[in-house]
Amino acid sequence: MEILYKSLFYISAFVIVWAMVGYPKSIKIIGRLYNSRKLEKDYTHQPTVTVMVVAHNEEKVILDKLNNIIEIDYPRNKIEFLITSDNSTDRTNEVVRQFIEEHPNFKIRLYEVKARKGKTNAQNEAHKLVSTDFMVLTDANSIMDKKSVKELMAAFTSEDIAYVTGRLSFINQKTSDISGAQATYWDSDVAIREIEGRVQTITAGNGAIYACRTKDYIDFNPIQSHDIAMPRFYALEGRRAICNHDALVYEKAGEVIEDEFSRKVRMNRTILKHILPELRIFNVFQYKWFSYFYFGHRTCRYLLWISHLVLLISNVFLLNDSWFYIVAFVGQLLFYSLAIIKIFSKTNNKYVTMIYYYCATVIAQWVGVYNIVSGKAKPFWEKAESTR
């Protein structure tokens, strides 16, 4: 049994360390090897575009979003706007209709989804109405930079590029320790994605702003999120999903842990399928760097919930083996204790906050797994009020 416990201990430790330290460090090294490879752009590429905004009960922000998108710097005769209301029951539809009436010189349409089935389903339905060459998809609470659409289109320099995502920037990272922790995590992840896209293809996109050819759009299962599903789908087709971080969009990060925790639970509603969606994904001879990227950036991270538990339990059975396992066990208890200290104290220590944020992320994975197993996982959710 000792061999089993040691195997579980070291496998779990590897998953955790590789996900959070090893892979990020390795990707920086890989980035240096491909330092000469730059993102190509063609600003003369200005095809017809539909900017699709999905909204559910967004009366607080929808008017700001509408005023934002009509200010986008793109040829007026080549851009349309499609507001997809996911069975909104507040004043969202009313605000959109009034805005359309007051701005007859813009091509703006409202599509009303009759049954609420979530963002992906709303996009699937509305996609049938799109006749432009490209689609830019964005959230109701995301404010797009004026040059964002030009930047996204400029990155489609070849047919093998099927998906381009922009960069989400948080405008309130100094408002609270939670929004600061989220911004810190996000900035590090953005750096990883930039390298992945430059080398070959990214493993995940950004729901706040991304684009694809209309003909390449796929009707995914509504429980899925485009952030993960689309880049992986294109990668397995031998095509590329990349970043253009000059295509900017701005949002508020969750300012309280309840909002941020709910967001992470929502993100993990299909976590079990994402660990190993298809065995062929690790065929390095066919998918090359993507196999490596997916294992480090996705598989290992999606295994954190079980890895931490297995590491702790296996460590208990190894305490009498050597001082190393005693130190490892005490280290784990200290790590979790710091997260608990954050709960019951008002400390703003950034290291304690990051540990607390990390532990909340792991617990959110557990809740996501529970929801899947219990059948409670759903394709829609309640929005985080502190992000509006």
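Each value in this text was obtained by applying a stated rule to the coordinates, not by laboratory testing. Predicted, not measured: the structure shown is a model, and the values here were computed from it. Positions of Cβ are generated from backbone atoms using ideal geometry, with glycine treated the same way; all protein chains shown enter the neighbour counts.
Quick one: how many residues across the range 48-75 are surrounded by 21 or more Cβ atoms within 10 Å (Cβ to Cβ), of a type outside the set (D, E, K, R) and in contact with an Asp or Glu (Cβ under 8 Å, 6 or more places away or on another chain)? Within the range 48-75, residues that are surrounded by 21 or more Cβ atoms within 10 Å (Cβ to Cβ), of a type outside the set (D, E, K, R) and in contact with an Asp or Glu (Cβ under 8 Å, 6 or more places away or on another chain) number 7. Tallying residues that are among the acidic types (Asp, Glu) and outside any strand (DSSP E or B) within the range 66-88 yields 2. When the helices (runs of 4 or more DSSP H) confined to the range 251-345 are screened for residues that are over 19 Å from residue 363 (Cα atoms), those reaching at least 2 such residues are found at 284-287, 289-294, 304-316, 323-344.
Checking each residue in the range 315-348 for being touching a Leu at 6+ places or on another chain (Cβ under 9 Å) and closer than 20 Å to residue 261 by Cβ picks out only 336.
Looking at residue 27, is it surrounded by 19 or more Cβ atoms within 10 Å (Cβ to Cβ) and more than 29 Å from residue 380 (Cβ to Cβ)?
The answer is yes for residue 27.
There is no residue in the range 55-65 that is closer than 16 Å to residue 135 by Cα, of a type outside the set (Lys, Arg), touching a Ser or Thr at 6+ places or on another chain (Cβ under 7 Å) and assigned to a strand (DSSP E or B). Annotation note: of 198, 232, 193, the sole residue that is more than 16 Å from the chain's Cα centre (by Cα), in a helix (DSSP H, G or I) and in contact (Cβ under 8 Å) with a residue 40 or more places away in the chain is 198. Within the range 23-35, none of the residues are in contact with a strand residue (DSSP E or B) (Cβ under 8 Å, 6 or more places away or on another chain) and either under 13 Å from residue 112 (Cβ atoms) or assigned to a loop (DSSP other than H, G, I, E, B) (or both).
Applying the selection to the range 339-361, what residues are crowded, with 18+ Cβ neighbours inside 10 Å and either over 20 Å from the mean Cα position of the chain (by Cα) or under 30 Å from residue 116 (Cα atoms) (or both)? Scanning the range 339-361 gives 339, 342, 353, 355, 356, 360, 361. Cβ-Cβ contacts under 6 Å between residues 6 or more apart (or on different chains), taken from a first residue in the range 1-19 that is within 10 Å of residue 307 (Cβ to Cβ) to a second residue that is in a helix (DSSP H, G or I) and among the β-branched types (Val, Ile, Thr), are listed as 8/310; 12/310. Take residue 203 and decide whether it is in contact (Cβ under 8 Å) with a residue 60 or more places away in the chain and either touching a Phe, Trp or Tyr at 6+ places or on another chain (Cβ under 6 Å) or not in a loop (DSSP other than H, G, I, E, B) (or both). So residue 203 fits the description; yes.
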